[in-house]
Amino acid sequence: MILVFIGPPGSGKGTQASLLTPEFKVISVGDLLRTIIEHNGEGAEVIKDFINSGKLVPIDIINQLMQNYLKSLDISQNVILDGYPRNIEQALFLEKNCINNFKVLFFDISNNVLLQRLKGRFICSNCKKVYNHHYYVPKVLGICDICSGNKFENRADDQIDVIQNRLNLYRLETAPLIDFYKKNNKVSFINSNQPIDKVFEDVKKVLRSY
Ligand code: AP5
């Protein structure tokens, strides 16, 4: 089963995807791009400029990045595409690469809730596990639950002015995908304003209905 996770920044796409591992392999384009930056890979400087100003990374870079992943996708595998496609152009590229048989989960959230979440997000510098000062802290304060690392960081694009750009872009470019996919009966709506475990229950309910 192939799932596409769509939702505004901070709606919990990554958190819910991580709860579905290892049953699902997660392909997070944001994580892939941040890894390229971290390892100073091809196009790292350009990618960093776009991400840190809250813009979508140019389509030629995204297509090149995704082509190999999409080519090797086995539709009998359980896969989550987190944050891809992010506009109609990317959705058409996905179709062109013969990935048609998938379901879309749209994570619906109100603006004030997502702002609070993004302001509180912090990440383990070593394994990139995502936490939140308000909602989800490590079991032992200052020690990562997963890798026992003790260094944490904020995301460069979680500054308030950059968040605003990301939200504007989401409304302009990504939100139209909901109608695009509704036509094909592909979309299920998840109320993402709830606590993590409640959202997860709703996600599992939707998956059981497929
Ligand atoms: P990406 O990393 O995908 O960012 P995003 O889509 O803006 O989403 P976020 O990661 O901010 O939020 P999320 O929904 O995953 O929430 P999370 O689970 O972390 O992309 C970053 C950038 O890369 C883009 O801006 C763009 O520049 C570029 N990019 C990526 N894909 C691209 C593409 N296809 N084309 C072009 N460019 C692309 O949760 C947020 C916080 O809330 C966490 O602290 C978490 O612990 C907490 N939380 C989560 N759920 C709950 C809950 N239910 N209750 C309380 N707290 C919660």
Test: residue in the stretch 135-146 that is within 14 Å of the ligand (Cβ to nearest atom) and under 30 Å from Ser209 (Cα atoms): yes
Residue list for the stretch 23-79, filter: part of a helix (DSSP H, G or I), closer than 16 Å to Phe102 by Cβ and at pLDDT 95 or above: Val29
Qualifying positions in the stretch 162-210 - touching a Gly at 6+ places or on another chain (Cβ under 8 Å) and modelled with pLDDT under 95: none
Residue within the stretch 80-96 that is within 21 Å of Met1 (Cβ to Cβ), away from the ligand (no atom under 12 Å from the Cβ) and open to solvent by less than 40 Å² (accessible area, probe 1.4 Å) present: no
Cβ-Cβ under 6 Å pairs, at least 6 apart or on other chains, the stretch 117-136 side assigned to a strand (DSSP E or B), far side near the ligand (Cβ under 6 Å from one of its atoms) and among the hydrophobic types (A, V, I, L, M, F, W, C): Ile123/Val130
Yes/no for Asn52 being surrounded by 13 or more Cβ atoms within 10 Å (Cβ to Cβ), within 27 Å of Asn132 (Cβ to Cβ) and out of contact with any helix residue (DSSP H, G or I) (no Cβ under 8 Å at 6 or more places or on another chain): no
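Results for (1) surrounded by fewer than 16 Cβ atoms within 10 Å (Cβ to Cβ); (2) more than 9 Å from the ligand (Cβ to nearest atom); (3) aromatic (Phe, Trp, Tyr), shown as yes or no for each residue.
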site: Lys151; (1), (2), (3): yes, yes, no
site: Asp157; (1), (2), (3): no, no, no
site: Ile160; (1), (2), (3): yes, yes, no
site: Gln164; (1), (2), (3): yes, yes, no
site: Asn168; (1), (2), (3): yes, yes, no
site: Leu177; (1), (2), (3): no, yes, no
site: Asn185; (1), (2), (3): yes, yes, no
site: Ile196; (1), (2), (3): yes, no, no
Condition met for Leu20 (near the ligand (Cβ under 8 Å from one of its atoms) and under 30 Å from Asn150 (Cα atoms)): no
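The values are calculated or read from the model by the stated rules, or taken from the named source; none is laboratory data. Predicted model, so just to flag it, every value in this text is computed and none were measured. Every residue, glycine as well, gets a Cβ built from its backbone with ideal geometry; the counts of neighbours run over all protein chains shown. The accessibility values were calculated without ligands, DNA or RNA, using every heavy atom of the protein model including side chains. Shrake-Rupley method; radii C 1.70, N 1.55, O 1.52, S 1.80 Å.
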